[in-house]
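Quick notes on the structure that follows.
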Amino acid sequence: MLTLGIETSCDETSVALLEGEKKLLSHLVLSQMEHERFGGVVPELASRAHQKVLLPLLEQAFGEAKRTLEEIDLIGVTLGPGLIGSLLVGVCTAKALALSLDKPLIGVNHVEAHLMANLLVDEPPQPPFIALLISGGHTLLVEVERWGRYLILGRSRDDAVGESFDKVAKMLELGYPGGPAIEKAAASGNPQAFAFPRPMIKDPSLDMSFSGLKTAVLYEVQDLRKAGKFNGSQADLAASFQAAAVEVLIEKSLRACARVSARTLVVAGGAARNKALRENLATRSDSSGIKVIFPPLNLCTDNAAMIARTALFHFDHGCADSLDIRAYPTGSLDWPEAG
Ligand code: KG4
Ligand code: ZN
């Protein structure tokens, strides 16, 4: 079974050729640099860049895998949520391929695909478990009864955690993308230098909030600037912000596990790359007797391997989409039954 995966939901253009359930014959991810000087993704530039590189990337992927278009058995493409202009580039290309090659097509939910990246490892986690899904667009705590069946237990009520990393990085003039920039700056900073709030940490719900934390950093930056002390404080600000965000994520995740007596926590999404989160969660979960699973670093951020794997999962469960599927910009995991 050869599955072609296509991902164009935001600022990464990615193509994967997946043989069977796990073997990646080729996996290409091109991160757009067009947005760097704007400090965030510019939607119009993103769709133009996808359009420019997707076909050459497909050619390169088939070349590397030494396969032809006719050899694929299934096409999976991100249908949403994401930037509509970007999604359309992938979706139209996938439909054209499905129609001309007469191959089955599956439209994939991007958030579910982040979770299903965990199916690409040697020993995938076995449900039931709790999933912490953390990306630039989503922050969700999900009870996974079985693959494909999800119950959302908590979510961010405002900014996604990745988004708050991006915005704080901009405030600290650390560049884009913000997550890795904050992590790098934080490495030489003191996480206790500034006492930033841990929003909603005492709230009994499993919801979270990151916009107040972001604003607290902004006020501190403004005060430091006025006092002429901003330059040189970035590492401490980054480390203190990161410590606050990570503490909220860990606290809420462990609480979610306790609430439903889950023994396993699976983390997914771009912000799952964060080293402070990985290390602190490992320590904290050890003492709580909870097994924590992270996908490999290259499968955390946007990639087409997770799209191919999710398409295969649904295909194996009897799904196939028609050519009239439509890209959707919003939403998360909470549609009635994935597929
Ligand atoms: O999953 P992803 O590639 O795209 C979305 O679906 O949003 O996640 C991108 C997000 C960005 O907000 C980025 O700042 C964040 O993941 N991120 C990180 C790290 N690497 C990426 N956040 C914290 N620490 C990191 N090392
Ligand atoms: Zn993503």
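The values are calculated or read from the model by the stated rules, or taken from the named source; none is laboratory data. From a predicted model like this one, the values you see are computed outputs, not experimental measurements. All Cβ positions, glycine included, derive from the backbone under ideal geometry; neighbour counts span all protein chains shown. Heads up: the accessible areas ignore ligands, DNA and RNA and are worked out on the full protein's heavy atoms, side chains in. Shrake-Rupley method; radii C 1.70, N 1.55, O 1.52, S 1.80 Å.
Here are some conditions: (1) more than 16 Å from ligand 2 (Cβ to nearest atom); (2) out of contact with any Asp or Glu (no Cβ under 7 Å at 6 or more places or on another chain); (3) farther than 21 Å from Pro177 by Cβ. Ile201 meets all but one. Which one does it not meet?
(2)
For region 178-194, enumerate the residues that are without any contact (Cβ under 8 Å) to a residue 60 or more places away in the chain and buried (at least 21 other Cβ atoms within 10 Å of the Cβ).
Gly178, Ala181, Ala185, Gly189
What are the pairs, 6+ residues apart or on separate chains, where a residue within region 287-300 that is at pLDDT 95 or above has its Cβ under 9 Å from a residue that is part of a loop (DSSP other than H, G, I, E, B) and open to solvent by 40 Å² or more (accessible area, probe 1.4 Å)?
Ile290/Arg263; Lys291/Arg263; Cys300/Phe294
Within region 293-314, count every residue that is within 12 Å of ligand 1 (Cβ to nearest atom) and β-branched (Val, Ile, Thr).
Count: 2.
Does Ala131 count as part of a helix (DSSP H, G or I) and modelled with pLDDT of 95 or more?
No.
Mind listing just one residue for me: the one in region 93-103 that is in contact with a helix residue (DSSP H, G or I) (Cβ under 9 Å, 6 or more places away or on another chain) and open to solvent by less than 40 Å² (accessible area, probe 1.4 Å) and, of those, nearest to ligand 1 (Cβ to nearest atom)?
Thr93
Does at least one position in region 138-161 carry a residue that is within 16 Å of ligand 2 (Cβ to nearest atom) and in contact with a Cys (Cβ under 9 Å, 6 or more places away or on another chain)?
Checking region 138-161: not a single residue is within 16 Å of ligand 2 (Cβ to nearest atom) and in contact with a Cys (Cβ under 9 Å, 6 or more places away or on another chain).
Take Val41 and tell me if it is buried (at least 18 other Cβ atoms within 10 Å of the Cβ), assigned to a loop (DSSP other than H, G, I, E, B) and not assigned by TED's automatic domain parsing to the domain that holds Leu151.
Answer is yes for this residue.
Applying the selection to region 243-296, what residues are open to solvent by 50 Å² or more (accessible area, probe 1.4 Å), among the basic types (Lys, Arg) and assigned to a helix (DSSP H, G or I)?
Across region 243-296, the qualifying residues are Arg255, Arg259, Arg273, Lys275, Arg278, Arg284.
Quick check: is even one residue across region 301-316 under 30 Å from Ser100 (Cα atoms), open to solvent by 40 Å² or more (accessible area, probe 1.4 Å) and assigned by TED's automatic domain parsing to the domain that holds Leu83?
There is at least one residue in region 301-316 that is under 30 Å from Ser100 (Cα atoms), open to solvent by 40 Å² or more (accessible area, probe 1.4 Å) and assigned by TED's automatic domain parsing to the domain that holds Leu83.
Every residue in region 131-153 that is in contact with an Asp or Glu (Cβ under 6 Å, 6 or more places away or on another chain) and away from ligand 1 (no atom under 15 Å from the Cβ), please.
Leu151, Ile152, Leu153
From Leu30, Leu4, Leu24, grab the single residue that is open to solvent by less than 10 Å² (accessible area, probe 1.4 Å), on the phi < 0 side of the Ramachandran plot and outside any loop (DSSP other than H, G, I, E, B).
Sole residue among the options that is open to solvent by less than 10 Å² (accessible area, probe 1.4 Å), on the phi < 0 side of the Ramachandran plot and outside any loop (DSSP other than H, G, I, E, B): Leu4.
Has region 11-18 got any residue that is touching a helix residue (DSSP H, G or I) at 6+ places or on another chain (Cβ under 6 Å), of a type outside the set (A, V, I, L, M) and open to solvent by less than 10 Å² (accessible area, probe 1.4 Å)?
yes
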